[in-house]
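Contents: one structure, followed by commentary.
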Amino acid sequence: MYKDDCLKKTTKFTNSFMIWGCMSGKLPGEMAILTSTVNAQVYIEILDTFLIPSIEKNKRRSNKVLCVLVDDSIFFSSS
């Protein structure tokens, strides 16, 4: 069949992290390093904690239209 010394042990889910960030043409936005699984509730917390403050900070410095992109799909637009 096979020899044990030909097998390599693997881990299905290794320790990993994800970086979430945002930016505009004029300012860098907030960035978060995530080490947990991202579900709907975690994603809402990320938006509340990092995206909204970035939008507010950018809004004070510019009166241009704001578009938020997620995976290259526009889901929010504000003027």
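The values are calculated or read from the model by the stated rules, or taken from the named source; none is laboratory data. Source: prediction; values computed, not measured. Glycine also receives a Cβ, built like all others from the backbone with ideal geometry; neighbour counts cover every protein chain displayed.
Hey, among the residues in the stretch 10-32 that are among the aromatic types (Phe, Trp, Tyr) and loosely packed, with under 12 Cβ neighbours inside 10 Å, which one's nearest to Glu56 (Cα to Cα)?
Looking at residues that are among the aromatic types (Phe, Trp, Tyr) and loosely packed, with under 12 Cβ neighbours inside 10 Å, I get Phe17.
Give the residue that is nearest to Ile19 (Cα to Cα), with candidates limited to residues of the stretch 29-53 that are polar (S, T, N, Q) and under 13 Å from the mean Cα position of the chain (by Cα).
Per the stated criteria, the residue is Thr35.
Which of the residues that make up the stretch 19-50 are touching a helix residue (DSSP H, G or I) at 6+ places or on another chain (Cβ under 9 Å) and either assigned to a helix (DSSP H, G or I) or of a type in the set (A, V, I, L, M, F, W, C) (or both)?
Hits for the stretch 19-50 are Trp20, Cys22, Met23, Leu27, Met31, Ala32, Leu34, Val38.
Among the residues of the stretch 32-44, count how many are at pLDDT 85 or above and either touching a Phe, Trp or Tyr at 6+ places or on another chain (Cβ under 7 Å) or of a type in the set (Gly, Ala, Ser) (or both).
4
Quick check: is even one residue across the stretch 38-60 in contact with a Gly (Cβ under 6 Å, 6 or more places away or on another chain) and either loosely packed, with under 12 Cβ neighbours inside 10 Å or of a type in the set (A, V, I, L, M, F, W, C) (or both)?
There is no residue in the stretch 38-60 that is in contact with a Gly (Cβ under 6 Å, 6 or more places away or on another chain) and either loosely packed, with under 12 Cβ neighbours inside 10 Å or of a type in the set (A, V, I, L, M, F, W, C) (or both).
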